[in-house]
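S.K.: Please find one structure pasted underneath; my questions will follow.
The values are calculated or read from the model by the stated rules, or taken from the named source; none is laboratory data. All values reported here derive from a predicted model rather than from experimental measurement. All Cβ positions, even for glycine, are placed from backbone atoms using ideal geometry, and neighbour counts span all protein chains on display.
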Amino acid sequence: MAEQEKQEKVENVTSAPPDAPQDSKPAAKVLPWVLLALVIIALAAFGFLVGRMFGTRGHAQTIDAAERAPTDEPTRSPETAAAQDPGEGVFYDLDPVVANLNEPGVTRYVRVALTLELNGAAPGKEAPASLDQKKPLMKHWLTLYLANQTLEEIRGEKNLLRMQTQISDGLNQTLFPGTKPQIKRILFKEFAIQ
């Protein structure tokens, strides 16, 4: 009998291919990792689909100043304000500027239209004519400024107020170097993120 058992062991060893697993334990060790990878892939796909369904991609986010901060005083257009306060300042409308945001991996852009309020000390008739000549400089500076911003840096009232100050300072330095700043403040006519 002992000889017969030895013979069966030798046959089993010689008949089994050398690459065949000796037991099923390695497959049992790999199975949880495969299941974990499948769960992660499924959750990532679900997150992607939910983001596409409920995200803001493709829909403009417009900030309306009248909705954000209602005031007791009636809103006045820049033209009306200039007509009522002739000695206080001159308003100059800048054409809309569209710029891609500094967002890696996604294409997001912002469209901004501004009104510049100039000091009353600036000559009323000469200011718009001189600004018309410098309009390409203003649009160039504003495009570069906006292209350097991220989505989080332009959302919210606090960020918009910061941007107003930075745009005013930057345009004053660009348009009126070495002189007293002529732009009193920046007014947003349009601000849309897409």
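S.K.: Please list, ordered by first then second residue, the pairs with beta carbon atoms under 9 Å, 6 or more apart or interchain, first in region 90-112 and within 17 Å of L142 (Cβ to Cβ) and not assigned by TED's automatic domain parsing to the domain that holds A147, second assigned to a strand (DSSP E or B) and modelled with pLDDT of 90 or more.
M.R.: No pair meets every condition.
S.K.: Can you name the number of the only condition in (1) closer than 23 Å to T107 by Cα; (2) modelled with pLDDT under 90 that Q182 fails?
M.R.: So the condition that Q182 fails would be (1).
S.K.: Now a separate question. Need pairs with beta-carbon distance below 7 Å; first residue in contact (Cβ under 8 Å) with a residue 60 or more places away in the chain and within region 164-187, second assigned to a loop (DSSP other than H, G, I, E, B) and of a type outside the set (V, I, T); sequence gap 6+ or separate chains.
M.R.: Close Cβ pairs satisfying both conditions: Q182/A122; Q182/F176.
So that you can scan it fast, the table gives a plain yes or no per residue for (1) farther than 30 Å from P181 by Cα; (2) part of a strand (DSSP E or B); (3) modelled with pLDDT of 55 or more; (4) among the charged types (D, E, K, R):
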| position | (1), (2), (3), (4) |
| --- | --- |
| A20 | yes, no, no, no |
| K29 | yes, no, yes, yes |
| A44 | yes, no, yes, no |
| R52 | yes, no, yes, yes |
| R57 | yes, no, no, yes |
| T80 | no, no, no, no |
| E103 | yes, no, yes, yes |
